[in-house]
Amino acid sequence: MPADFDAVITAPFGALGVHTEGDAITGISFLPPGTKPLAPTNALAARARDQLSAYLSNPKTRFDLPLRPAGTAFQQEVWQAIAAVSLGRTQRYGEIAKKLKSAPRAVGQACGRNPYPVIVPCHRVVGAG
């Protein structure tokens, strides 16, 4: 499995796999506990590893990585809205949906397709309950 990634970082919840293509990060994947780390295969993957590791040690770390998300225009709007949710805050699917003139379920589906977990913090978006 690690051979499919340009870097694998050990995390408290398992591991994070980094995908790069050219000059951009194309995805971050959650990997199961026990996944072996993989040294970065390129400079961008090393930068991603360093920033992700820093974030895992200090959640106030800001990311400065070139991202190239593959998704619809709506999904990208949702991901931008999620990226704007501040550390220590949460936002409801319905609140984001209202801003985007959409439905909470559509926001939830876009959140589920987020190619950059941790960097685009879907964990800060919660249901109505």
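We did not get these values from a lab; they are worked out from the coordinates using the rules stated. Predicted, not measured: the structure shown is a model, and the values here were computed from it. Neighbour counts are summed over all protein chains in view; Cβ atoms, including those assigned to glycine, are modelled from backbone coordinates with ideal geometry.
Share of Cα-Cα pairs in the stretch 60-129 beyond 13 Å, in percent?
On the way: 1452 of 2415 pairs.
Of all Cα-Cα pairs in the stretch 60-129, 60 percent lie more than 13 Å apart.
Could you put Tyr55, Tyr93 in order, starting from the residue whose Cβ has the fewest other Cβ atoms within 10 Å? Write down the numbers at each step before the final one.
Numbers: Tyr55 18, Tyr93 22.
Listed from fewest to most nearby Cβ atoms, that is Tyr55, Tyr93.
Residues in the stretch 83-97 carry Karplus couplings, in order, of 4, 7, 6, 5, 4, x, 10, 10, 9, 7, 3, x, 5, 5, 4 Hz; the curve used is 6.51 cos²θ - 1.76 cosθ + 1.60 with θ = phi - 60°, and Gly or Pro positions show x.
Annotation for Asn42 and Arg113: the two label points, set 7 Å from Cα along the Cα-Cβ direction, are 2.4 nm apart. The convex hull of the Cα atoms of the chain, projected and averaged over all directions, covers 8.0 nm².
Sorting the Cα pairs of the stretch 2-57 by distance into bins of 5 Å, from 0 upward, gives 5, 23, 35, 26, 9, 2 percent per bin.
Neighbour counts of C-beta atoms inside 10 Å place Phe63, Phe13 in the sequence Phe13, Phe63, starting with the fewest.
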